[in-house]
Amino acid sequence: MRTLAFFLAVAFVVLCSGALSTGGQAPDAERPFVGDWTPIRDVYEQRIQELGRWAVAEHVKAAHDGVRFSKVTSGEEQAVTESETNYRLVIDGADAAGKDAAYAASVFEGKTRELLAFGLAN
């Protein structure tokens, strides 16, 4: 019984100290604090472009307005947890008539994706 209590106490201390969340290493000085919005370093990265394409497709599924994706031109990301991120993307696209426009999309990405907002960028 004492052994079990000892292991539970050690596990509690380890979890509370955050040692598991950093893998026992010092935190990365460049890693943003949870909640900070930071510019996406490379919006032309394939993963970010695919996220923008997905956001437009999800919007069109709901709005049936024929918006077409061209490319993500800028964006910011916000760490929610170690495995969840919010994104604010500016996307070049065109409306159903072919008129070019800039759109703003807010996306949550974790185990699943969710389009939080989509509309014309200001």
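Restricting the stretch 37-85 to chymotrypsin sites (Phe, Trp or Tyr not before Pro) that sit in a DSSP loop and have at most 11 other Cβ atoms within 10 Å of their own Cβ leaves TYR44. For the stretch 77-88, backbone phi angles converted through the Karplus equation (6.51, -1.76, 1.60; θ = phi - 60°) give residue-by-residue couplings of 10, 9, 6, 9, 9, 5, 10, 10, 9, 9, 10, 10 Hz, Gly and Pro being listed as x.
Rule-based calculations on the coordinates, nothing more; no lab input. Predicted, not measured: the structure shown is a model, and the values here were computed from it. With ideal geometry, Cβ positions are generated from the backbone for all residues, glycine too; neighbour counts draw on all protein chains shown.
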